Amino acid sequence: MPKEYRKMKKLYTPIPALLLISMLLLSSACTRIGTGEVGLRINFDKTTDPAERLPGTFNQTVIGDILTFKIQDVAVAVDNMTPLASDNSTIKDFDMTVVYNINPTAVSELWTTKNRTFHGISEKDILLMQNYVALSARNAAYKVARGYESLKMADNRPLIEQQIRENIIKTLTEEKLADKITVSQIQVRAITPADIIVNSANELVRAQNELKTKEVEVQTAKKEAERIAALNANAGAIGYMNAMANLKIAEGVANGKVNTIVVPFDFRGIVNAK
């Protein structure tokens with residue numbers, strides 16, 4: 001083998017290995033945008049590239065970084081609220097969950113123009129406008145609850161959920177965010193009236209049951225009094241019927257149609273037996 005060839009071989013042999021190492025480094029320094037997410041590139045100078053990175057794309061992070069945002073079915077738990085009911089009682093506990101979606105084309109605008117306190121964060125994704133939606137939902141819940149008595153809220157849960165959603169959408173429209181944020185679902189998970197209201201309701205039910213019981217007793221006593229009065233009013237009629245019965249017996253005896261007479265143990269009359 002010529003010396004020049006051996007030199008060239010030594011020079012070019014490492015190239016495939018270097019290429020493979022470079023490819024591995026590049027692949028490990030990439031971020032893939034998953035389903036339901038949108039990515040934004042943060043350049044090396046800390047500026048944000050306005051073009052959203054869509055699901056399925058690979059984006060290198062050797063230079064700069066990629067932020068990922070969850071945009072589909074973001075759930076917000078709004079718990080431990082104590083709204084005021086129409087009967088001026090304070091609800092002990094009111095919990096709900098709000099599910100919303102972010103328009104993929106609005107991710108860059110929302111991230112760069114809105115206050116960072118409006119956003120939340122999960123294990124790996126930024127939850128755009130999560131805190132803002134939670135605040136809007138809380139305000140809506142307090143407003144809607146004011147239209148219902150505390151003990152009737154649970155029975156009107158579907159209507160309350162609908163009205164809360166409508167109030168949130170109204171707020172988004174006023175803030176020109178209705179085309180960027182879509183509220184898809186409101187779920188009221190718990191409505192617990194104040195203890196004093198529950199106790200009062202139980203006492204009322206008990207008193208009503210006692211009243212019904214007494215009314216039945218009064219009606220029973222009244223009917224019994226009416227029965228006794230009717231018997232007393234007809235005392236003469238009873239005597240007449242007894243006399244007529246005795247007459248019929250006497251006639252039967254006289255005609256020979258009666259052979260046996262049952263005499264009461266305290267009978268004081270006279271019986272003529274032949």
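The values are calculated or read from the model by the stated rules, or taken from the named source; none is laboratory data. Please read all numbers here as calculations on a predicted model, not as lab measurements. Cβ atoms come from the backbone with ideal geometry, glycine included; neighbour counts cover every protein chain shown. Only protein heavy atoms, including side chains, enter the accessible area calculation; ligands, DNA and RNA are left aside. Shrake-Rupley method; radii C 1.70, N 1.55, O 1.52, S 1.80 Å.
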**Prompt:** Fully extended, how many nm does the chain gain between Lys176 and Thr192 (0.36 nm per residue separation, minus their Cα-Cα distance)?
**Reply:** 2.3 nm
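Can you tell me the mean projection area, over all orientations, of the convex hull of the stretch 74-193's alpha carbons? Units nm², please. Show your work: numbers first, answer last.
On the way: hull surface 29.3 nm².
Directional mean of the projected Cα hull area for the stretch 74-193 stands at 7.3 nm².
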**Request:** Give the peptides 122-131, 92-101, 217-226, 44-53 in descending order of average Cβ contacts within 10 Å, highest first.
**Result:** 92-101, 122-131, 44-53, 217-226
**Asked** Of all the accessible heavy-atom surface of the stretch 74-193, with the other protein chains kept in place and a 1.4 Å probe, what percent is carbon and sulfur?
**Response** 48 percent
**Environment charge at Met153 (Cβ cut-off 15 Å; Lys +1, Arg +1, Asp -1, Glu -1)** = 0
**Prompt:** Taking a probe of 1.4 Å, how large is the accessible area per residue of the stretch 41-191, in Å²?
**Reply:** 53 Å²
